[in-house]
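Report on one structure; see the data block that follows.
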Amino acid sequence: MTVRLRESGTRSGLLIAALVLLVVIAVLSFGVGAHGIAPGEVLRALFGGDTANPDHLVVRDVRLPRAYLAIAAGAALGVAGVLVQALSRNPLAEPGVLGVTSGAGFAITVGVSLGLSGPFGELVLSVAGALLAAALVYSVGRQSPLRLVLTGTALTFVLTGVGLGLRLLDPEVFDVYRFWSIGSLAGREQAPMALPLAAIGVGLLGALPVSRQLNAVALGETVAHTLGANVARVRFATLALITLLAGAATAIAGPILFVGLMVPHLARRLGGGSVPWLVGFGAVLGPILLLLSDMGSRVLLPTGEVPVAIVTAFVGGPVLIWAVRKYGAAPL
Amino acid sequence: MSIARTSRLAGALALAVALVTGCASGGAETGAASGETRVFAADNGQITIPVSPKRVVATGYAVPALLEANAPLVGISSWQRGLPMMTPEDRAKYDGLAKVAGESAAETNYEAIAQAEPDLIVIGVPKPVLADIDIKRLEALAPVVAIGPSVPSMWRELSRKQADAAGSLASFDATRDEYEAKAKQLAGKYAGVLPQLKLGHVGGYGEVAKGNFQREFNGSWGTNIAQDVGANYYGQVKVKGGGSKDVSEYPSIEELASAFTEADAISYTVAADGSVPPPVQYVLDSELWKNLPAVKAGKTFPIRYTEAATYRAAMKTLDAVDQAFAPLLNP
């Protein structure tokens with residue numbers, strides 16, 4: 001009992017420290033970019049601000065909304081990654097294996113082929129595509145986690161192949177898709193984001209109660225039944241949450257695959273094997289990773305920005321290898 | 001052999017000789033049929049082409065140039081961006097011609113070009129894009145001259161060169177003279193106001209998904225025709241990237257204020273129907289834009305037809321520039 005309390009206290013301390021780090025990085029990110037802004041000016045912009053001062057406008061109208069998006073998308077992908085790895089009991093799973101991302105991309109390809117475009121159109125299409133793909137995967141693979149992952153992977157390949165064919169037939173569709181397909185937070189500060197941000201909020205709140213049930217399911221179906229968990233219901237709720245979180249994050253920033261794969265591994269080093277703790281750490285580590293990557297995306301090239309998904313891939317690859325080599329694959 | 005029979009044979013021979021001679025002398029008047037050729041300097045080297053080609057295939061920027069120059073076209077690439085600037089006559093010709101390529105060079109249909117049986121192929125795409133075209137395959141069909149722009153303002157010389165290759169200079173030069181007279185007249189009209197202004201231009205090729213905008217300097221798409229009226233777009237690109245990147249750049253939206261703080265006035269590209277394209281709307285919706293001195297002073301000017309790359313199309317741009325800058329004459 002004492003040991004558990006001590007562990008819980010340590011995890012709480014780590015989570016609070018991670019939260020503080022998140023706030024510090026967020027404030028730092030307001031000063032970093034193509035147009036460098038001194039820390040004092042950043043603070044003045046945040047607490048008051050002069051609407052005639054270009055530096056203050058950059059902080060308040062470009063970097064602040066962008067930080068909100070990075071935090072929301074990072075939290076959504078981090079938590080979705082934790083849930084999908086716990087659900088599938090697969091350390092290499094990420095939200096994309098359930099067909100969510102490929103469904104969003106396919107819907108955008110079809111929608112643009114039919115003449116639907118623009119930021120709002122892409123947003124609606126990506127959410128609809130993610131939902132439809134997840135529903136299809138669940139209806140076919142709901143019997144077991146393995147079948148779920150196999151169905152998701154198969155659907156991903158099918159949608160990717162058909163989508164590629166459609167894009168190759170129409171260069172204009174290809175042009176729209178190529179911008180969407182490289183996840184980025186740039187240029188999103190003016191887009192209508194209330195709906196996906198609300199969806200992420202709902203998804204994060206919903207993840208907490210489900211994660212307790214998922215803790216039991218992660219021990220195996222027999223044990224879960226013994227502990228009184230309704231496996232089918234938990235599996236459905238988890239898949240719905242993954243779809244909601246990953247779909248909304250994809251709608252905001254396009255596909256940023258690596259965050260959902262890497263954050264659960266990092267969270268596991270801090271939160272152990274408890275799914276509720278993993279969800280908590282995933283919700284904080286995801287934004288930290290995305291904020292840092294977004295800062296890098298603004299300054300890496302002198303002639304323009306690098307899409308954040310490319311930065312997460314470059315940063316995430318070595319970090320993942322380091323984590324696995326140093327600690328080994330922690331049990332799920 | 002009887003005398004009558006001999007004389008009939010001699011008559012037939014004489015007729016045959018006369019026909020052959022007549023055909024040959026008629027062909028001598030036109031270079032293509034006679035096989036008369038000349039060596040023409042193009043982006044792809046010194047190319048031997050017919051003096052007077054009869055069946056020309058044109059792609060890219062060569063399409064509007066050769067339509068206007070009344071070249072003997074038998075196939076063209078799609079050129080949607082130029083449609084709003086075409087006269088009804090050129091548009092009718094455009095619609096009636098076989099399309100042998102799509103909007104991009106990668107969409108070249110080699111079978112369709114072969115079916116058109118050209119005696120000259122004029123490729124009007126920028127030099128870096130030439131890599132998307134199998135020139136060797138085209139050269140098997142007809143002489144290929146590649147004459148593409150690198151800097152946007154080069155359309156003047158290049159469109160003339162394209163018309164020259166297609167043997168259609170006379171018609172081309174008449175239109176050019178008309179343009180130059182009109183530009184001179186407008187330059188006189190705005191001489192008292194326009195040259196004194198430090199102008200900035202927001203182009204239509206920014207990428208919202210990358211959070212940037214296009215700033216155009218002198219010699220770029222959105223600026224080069226306004227320059228003929230006396231406009232001066234101050235500054236230069238931070239890093240010269242070659243071609244169009246020598247005269248335009250793509251800064252982050254965060255740099256909007258630093259890019260245009262000094263500008264007395266700012267023009268921006270709009271579509272032919274006056275609508276604002278998404279990359280420009282992204283800039284206009286930014287709070288940074290609303291706080292620029294030129295914007296607060298009401299000195300912003302939307303300009304249509306900035307994609308013009310022929311003299312006839314550029315006359316529409318001159319009208320659009322005149323319409324946009326008219327408020328400067330009545331402050």
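The values are calculated or read from the model by the stated rules, or taken from the named source; none is laboratory data. It should be emphasised that the depicted structure is a prediction, and the values quoted were computed from it without experimental measurement. FYI the Cβ positions are ideal-geometry reconstructions off the backbone, even for glycines, and counts take in every protein chain you see. For accessibility, only protein heavy atoms count, side chains too; no ligands or nucleic acids. Shrake-Rupley method; radii C 1.70, N 1.55, O 1.52, S 1.80 Å.
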Within chain A: Cβ-based charge dipole about Cα centre, in debye rounded to nearest 20 (Lys, Arg +1; Asp, Glu -1) = 1220
List the residues of the stretch A:288-311 whose accessible area drops by at least 30 Å² when all protein chains are present, compared with their chain alone, using a 1.4 Å probe and counting only protein heavy atoms.
-> A:T303, A:E305
Which residues' amide hydrogens lie under 5 Å from the amide hydrogen of B:F40, considering only partners 5 or more residues apart or on another chain, with H built in the peptide plane?
-> B:I47, B:T48, B:I49
Carbon and sulfur: what percent of the protein assembly as shown's accessible surface (1.4 Å probe)?
-> 63
Where only alpha carbons of chain A are counted, the Rg and the Dmax (Å) | 20.0, 65
Rounded to the nearest 10 degrees, the helix B:169-189 long axis (Cα) sits at an angle to the longest Cα principal axis of chain B of 20
Springs between alpha-carbon atoms under 10 Å, Gaussian network over chain A: tell me which of A:L87, A:L285, A:L132 tops the mean-square fluctuations.
-> A:L132
Long-range amide H contacts for B:L73: which residues qualify at under 5 Å (H placed 1.01 Å from N, peptide plane, sequence gap of 5 or more or a different chain)?
-> B:V56
Under the classification rounded if a/c is under 1.5, otherwise prolate if a/b is larger than b/c and oblate if not, where does the stretch B:37-173 fall, given a ≥ b ≥ c as square roots of the Cα gyration tensor eigenvalues?
-> rounded
Reachable lysines from B:K299, criterion Cα separation under 16 angstrom, eight or more residues apart if same chain = B:K198, B:K290
Once phi for every residue in the stretch B:238-246 is put through the Karplus expression 6.51 cos²θ - 1.76 cosθ + 1.60 (θ = phi - 60°), the whole-Hz ³J(HN,Hα) values, with Gly and Pro written as x, are 5, 10, 6, x, x, x, 5, 6, 7
What list of ³J(HN,Hα) couplings, whole Hz, do you get for the stretch B:200-206 from phi and the Karplus terms 6.51, -1.76, 1.60, once you set θ to phi - 60° and write x for glycine and proline?
-> x, 9, 9, x, x, 9, x
Of A:F47, A:F106, ordered by accessible area with the largest first and a 1.4 Å probe, the sequence is A:F47, A:F106
If we count every other residue with Cβ under 15 angstrom of B:V193's Cβ, Lys/Arg +1 and Asp/Glu -1, where does the sum land?
-> +1
Relative contact order (%) - criterion: Cα under 8 Å, at least six apart; region: chain B | 15
Estimate the FRET efficiency between A:N230 and A:F120 by the formula 1/(1 + (r/R0)^6), using the beta-carbon distance for r and 41 Å for R0, to the nearest 0.05.
-> 0.60
Non-local amide H neighbours of A:G99 (under 5 Å, H modeled in plane, Pro and chain starts lacking H): which ones?
-> none
Within the protein assembly as shown: Cβ-based charge dipole about Cα centre, in debye rounded to nearest 20 (Lys, Arg +1; Asp, Glu -1) = 2060
Using the heavy atoms of the protein chains alone and a 1.4 angstrom probe, what is the accessible area of the stretch B:192-329 per residue in square angstrom?
-> 35
Do you know which residues of the stretch A:159-195 lose at least 20 square angstrom of accessible area in the protein assembly compared with their chain on its own, with a 1.4 angstrom probe?
-> A:P171, A:F179, A:A186, A:G187, A:E189, A:Q190
Output the DSSP H helices from chain A with an along-axis C-alpha extent of no less than 18 Å and a mean Kyte-Doolittle hydropathy no less than 1.6.
-> A:119-141, A:231-253
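State in Å² the accessible area per residue of the stretch A:2-327; use a 1.4 Å probe, count heavy atoms of protein chains only, and round to the nearest integer.
Result: 43 Å² per residue.
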Count, for each residue of B:100-111, the Cβ atoms from other chains sitting within 10 Å of its Cβ, then give me the mean as a whole number.
-> 1
Here the FRET efficiency for B:A170 versus B:T48, based on Cβ atoms and R0 = 25 Å and rounded to 0.05, is 0.65
What nm value, rounded to one decimal, do you get for the distance between B:K184 and B:N109 when each label is placed 7 Å out toward the C-beta?
-> 4.5
Please find, in a Gaussian network model of chain A (springs between Cα atoms separated by less than 10 Å), the residue of A:H265, A:H56, A:H35 whose mean-square fluctuation is greatest.
-> A:H35
Using just the helices of chain A, give the 222 nm mean residue ellipticity in deg cm²/dmol: DSSP H runs with n ≥ 4 each add -39,500 (n - 2.57), and the total is spread over all residues, rounded to 500.
-> -25500 deg cm²/dmol
Could you pull the accessible area for B:T108 with a 1.4 Å probe, rounded to 10 Å²?
-> 20
Under a point spin-label approximation (7 Å from Cα along Cα-to-Cβ), what is the B:S150-B:D132 distance to one decimal in nm?
-> 2.0
For the residue pair A:F157 and B:A41, what label-to-label distance in nm results when each label sits 7 Å from Cα along the Cα-to-beta-carbon direction?
-> 5.7
Between the Cα axis of helix B:3-29 and the main Cα principal axis of chain B, the angle (0 to 90°, nearest 10) is 20
How big is the A/B interface in buried accessible area, both sides summed, 1.4 Å probe, to the nearest 100 Å²?
-> 1700
Considering chain B as a Gaussian network with a 10 Å cut-off on Cα pairs, which listed residue, B:A69, B:A42, B:A226, attains the greatest mean-square fluctuation?
-> B:A42
Go through the stretch B:217-225 residue by residue and turn each phi into a ³J(HN,Hα) via Karplus (6.51, -1.76, 1.60, θ = phi - 60°); whole Hz please, and just put x for glycine and proline.
-> 10, 3, x, 8, 4, x, 10, 5, 7
Rounded to the nearest 0.05, what FRET efficiency is calculated for A:I321 and B:N330 with R0 set to 60 Å and r the Cβ-Cβ distance?
-> 0.35
At least 40 Å² accessible surface lost relative to isolated chain, residues of the stretch B:208-232 (1.4 Å probe) | B:A209, B:K210
